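Just below is one structure, and these are the notes that go with it.
Derivation of every value follows stated rules applied to the coordinates shown; laboratory data play no part. No experiment lies behind these values; they were computed from the predicted model shown. Note that we place each Cβ from the backbone using ideal geometry, even for glycine, and neighbour counts take in every protein chain shown.
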Amino acid sequence: MKQPKDFSSSSDEHLVCKLNKSIYGLKQGSRQWYLKFHGIISSFGFDENPMDQCIYHKVSESKICFLVLYVNDILIT
């Protein structure tokens, strides 16, 4: 990794910039998207299916809601 042109310094050439957020196109991008999605959906009371991590469900009185993930799309039933 190289420093951007605007940040180059002859005395600190070994230093690089630290990324604070994931970027699309990286191998970890989809994992970071899933972790963020999981955190938010779990905060709304949805439970992850133990057999398939792409299926979430929530039971509220007599209503049942399912969320099914496929890549970066969501099917709600």
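Let's test the formula: R0 of 22 Å, r as the Cβ-Cβ distance of K36 and K58. What FRET efficiency results, to the nearest 0.05? The computed FRET efficiency comes out at 0.75. Each residue of segment 53-65 is assigned a 3J(HN,Hα), and the resulting list reads 6, 8, 10, 10, 9, 9, 10, 9, 6, 9, 10, 10, 10 Hz, derived from the Karplus form 6.51 cos²θ - 1.76 cosθ + 1.60 (θ = phi - 60°), x at Gly and Pro. Extending 7 Å from Cα along the Cβ direction at I74 and again at D6 yields two label points whose distance is 3.5 nm. Loop-located chymotrypsin sites (Phe, Trp or Tyr not before Pro) in segment 26-77 (DSSP state not H, G, I, E or B) with no more than 12 neighbouring Cβ atoms inside 10 Å: F44.
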